Amino acid sequence: MHYFVTGASGFIGKRLVRALLRRKGAVVHYLMRPASESKSAALRAFWGSGALRAFPIAGDIHLKDLGLAPEVVQTLRGQIDHFYHLAAIYDFGADEADQVLANIDGTRNAVGLAHAIAASRFHHLSSIAAAGLYNGVFREDMFEEAGPCELPYFRTKHESEKIVRQQSAMWWTVYRPAMVVGDSSSGEMDKVDGPYYFFKLIQRMRQWLPPWLPAVGLEGGRINIVPVDFVVRALVHISHQPTSAGKCYQLVDPVGYRIGEVLDIFSQAAHAPRMGLFVNAALFGFIPNSITRGLMALAPVRRLRNAVMKDLAVPAEVLGLLNYPTRFDCRETLVALKGSGIACPNLRDYAWRLWDYWERHLDPELQIDRSLRGAVGGKVVLITGGSSGIGLASAHKFAEAGATTLICARSADRLEEACQEARCRGHSFIAYCADLANMDDCDRLTRCINEQYGGVDFLVNNAGRSIRRAIESSYDRFHDYERTMQLNYFGCLRVTIGLLPAMVARGRGHVVNISSIGVLTNAPRFSAYVASKAALEAWSRCAASEFADQGVSFTTISMPLVRTPMIAPTELYRNVPTLSPEEAADLVAHACIFKPVRVATRLGLAGQLLHAVLPRLAQILMNTSFRMFPDSGAAGGAARVGEAKSLSAEALAMQHLMRGIHF
């Protein structure tokens, strides 16, 4: 028996060809665009030994007679027993003109070729979308009764089926599969479509919420899902039945599920929180269209909606189907499949396979290079305070990842040592000597970088000064606040503002500000340091809001205590668990790769939460630690050096309990 198949390289098509080739004596002729000849080898491998009986026919569904040469048409004339037309665009988000060209004109051309070669039977793979948004049960003998076809995909599938019904003078059969998902045995799928659009949302729920926490889901309309292996087996079986002429078969799940049930099934498969409470999406239908349109006319609402949809990779068209009103009768299909052993499996039995395959092969996150090299390779990075500590450790990471790494610091000797260390490790830095507490130096630095490199892609504001001194010891030291603010706030601000215009002009850029866990916990004895870092954080939050639509983003790292030269004068910290500069540099790398708004430790976030929810309790706890740990000798003078060394047992216990916090 000879077959002709369009769309043989598609997800359903290549499985159909494989199933046909398994039939004894089957010969398959399949349409192949010249531009797609590179797929032939992979298709033959997929089809296995039967591929020797599969012959490509050069053509294009956009052309009359599918673009077949006259001599080929003559050769095929009278030879084809079954003509399967599967080639189409199955994508809600595709351009309407492309859908019309492929789905409507392509079907007309396929019917024309079937007539030209005198094919015995014509099988058209339509879709339940041909029913439009019919309100109620859509039977297999219904067509003209289809509901509104507002979406281009729905409209083109309806029109293409009409062409088969009205223009085909041969034996024709129409098949309307439901929403086709991956194989029920392997989970294999070739693209994100249908229920897969919501997988990213489910994955985020699993990441953010504990699995035992009941989630709120949408009840919504009914959604019909079938695995590709069921569609292919049913299609092959029914197409060879002698009683299928002039009929339509709806290859659907006889059960069907509400959208909320589907989300709950996949949430269980993903080990995400189950949907414990459902809100009927029909309730949103009571909102007047004028109100909905008015809200969408507001730029902030529209941008928020678009940002969420983009982040979750959900097309806006999908939201319009949450109240999908159509259910599908499939009695003719069940009769045709009776005794064949072919039946649609229960979604609950194979949902885990679909989820597993998606997470291993189709998750869009898999296509993103989440390495530091992927983020900064070939980019220009400036790290202030890059001659030692966190800055130097970060500079090594960026240089090793292929970034053009610029470092700046006050000491020319320390910069040369850092550059020499880099050369010994097989990479290089570009050093700039600048005192960022001097505004003229800041301007000179940014002007030079803009002239030589056209700006930077990443700016790490790491240079800073820390002073650990109680306010009661600072009554006559107001200059502590001035010099701390001068470097930690004004210096960072001056450099950032000097480099921002170039970032905006390029439409990209990321600023990382090294702040302190002390800003979250309001650590005593660090009032000058914390205030300067808090000022930088506040400015960054304002800037992030202003530049969010220009491709420039900001990350604040609430850095815990790190063993750097900055904390060396405080002997108390010699016995306190701290991060190494390399561990701190990992946080900087994380900020540049993922660009979060904030990077903070759990201890810092807990302190912030405590101050927000129970501020009086937080003050008592911080005051207790304040009295427990005295000023260092460097802060309180020689008379207090001995005091700083003698710590109580409680103080020693707290040192190890509150890892990384500034006291």
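According to the calculation over all Cα-Cα pairs in the stretch 118-199, the P(r) per 10 Å bin from zero is 16, 40, 31, 13, 0 %. Measure up 200/247; 14/162; 24/191; 14/247; 39/595; 200/533 against 29 Å on the Cα-Cα distance and list the ones that go over. Table pairs above 29 Å Cα-Cα are 200/247; 24/191; 39/595; 200/533.
Order of 39-51, 112-124, 523-535 by packing, highest average Cβ count within 10 Å first?
Per-residue mean Cβ counts within 10 Å order the peptides as 523-535, 112-124, 39-51.
Average projected area of the Cα convex hull of the stretch 68-207, in nm²?
With the hull built on Cα positions only, its mean projection is 11.3 nm².
Across the stretch 444-449, rounded Karplus estimates of 3J(HN,Hα) from the backbone phi angles (6.51 cos²θ - 1.76 cosθ + 1.60, θ = phi - 60°) give 4, 4, 5, 5, 5, 5 Hz, Gly and Pro being marked x. For the peptides 410-423, 444-457, 79-92, 362-375, the ranking by packing is 79-92, 444-457, 410-423, 362-375, with the highest mean count of neighbouring Cβ atoms within 10 Å listed first.
Fewest neighbouring Cβ atoms within 10 Å first, the residues 338, 24 line up as 24, 338. For residue 138, the residues whose modelled amide H falls within less than 5 Å of its own, excluding neighbours fewer than 5 places apart on the same chain, are 327, 328, 329.
Ranked by Cβ crowding within 10 angstrom, fewest neighbours first, how are 228, 381 ordered?
Least to most surrounded, the residues fall as 228, 381.
Rg and Dmax over the alpha-carbon atoms of the stretch 309-458 stand at 28.6, 87 Å.
Size of the dipole of the stretch 374-484 about the Cα centre, Lys and Arg at +1 and Asp and Glu at -1 on the beta carbon, nothing else charged, in debye to 20?
280
From least to most packed, judged by other beta carbons within 10 angstrom and beginning with the fewest, 206, 360, 468 follow the order 360, 206, 468. Under 5 Å between amide hydrogens, built in the peptide plane, is the criterion, and for residue 275 it picks out 215 among residues at least 5 positions away or on other chains. For the stretch 476-490, backbone nitrogen atoms closer than 13 Å to the point 7 Å from residue 439 Cα along Cα-to-C-beta are found at 486-487, 490. When each of the peptides 240-250, 57-67 is scored by how many other beta carbons lie within 10 Å of its residues on average, the order from highest to lowest is 57-67, 240-250.
Report the far tail of the P(r) of the stretch 1-133, meaning the percent of Cα-Cα pairs longer than 26 Å. Considering the stretch 1-133, 19 percent of its Cα-Cα pairs are separated by more than 26 Å.
Counting every C-alpha pair in the stretch 381-469, the share spaced more than 17 angstrom apart comes to 44%. In this label model, residue 597 and residue 52 are separated by 6.5 nm, measuring between points 7 Å along each Cα→Cβ vector. Close amide H pairs (under 5 Å, H built 1.01 Å from N) link residue 68 with 60, residues at least 5 positions away or on another chain. Label point of residue 118 set 7 angstrom out along Cα-Cβ; within the stretch 156-172, amide nitrogens under 20 Å from it belong to 168-172.
Just so you know, all these numbers are worked out from the coordinates, no wet-lab data involved. Small disclaimer: the values here were computed from a predicted structure and weren't measured. No Cβ is skipped: glycine too gets one built from the backbone with ideal geometry, and neighbour counts run over all protein chains shown.
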